[in-house]
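No value in this document is a laboratory result; all are computed from the given coordinates. Treat the numbers as computed from the prediction; the structure is a model and nothing was measured. Glycine gets a Cβ as well: all are built from the backbone with ideal geometry, and neighbour counts include every protein chain shown.
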Amino acid sequence: MDLPTAWNPDDKSTFLSVDLSGLRVNHDGSNTWGAIRANHPIPPQCKLFYFEVDIIDEGKYKAAWMALWFLGLRRI
């Protein structure tokens, strides 16, 4: 069973970039939100899955939002 371990650099909004480790995502600063998926989905067999996100820089407007959706990128 493959679990998510990093962000997927090939499955994200165009103005997001992912570092080589796959653990850091950067936003280009445009006034829009983006979406990114992990390198593997959370398997349905997992009744509980824990992850943490650190907002390192909230940007020019001092605002950062994080949301979790179980949807395809085309639906958001």
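Here the residues Leu20, Leu3, ranked from fewest to most Cβ neighbours within 10 Å of their Cβ, fall in the order Leu20, Leu3. A simple spin-label model places pseudo-atoms 7 Å from Cα toward Cβ; at Leu48 and Ser21 they are separated by 2.7 nm.
Starting with the fewest neighbours, write out Asp2, Asp11 ranked by other beta-carbon atoms found within 10 Å of each beta-carbon. Write down the numbers at each step before the final one.
Numbers: Asp2 8, Asp11 14.
In order of increasing Cβ crowding within 10 Å: Asp2, Asp11.
Net charge in the neighbourhood of His40 (other residues with Cβ under 14 Å of its Cβ; Lys, Arg +1, Asp, Glu -1) is -2.
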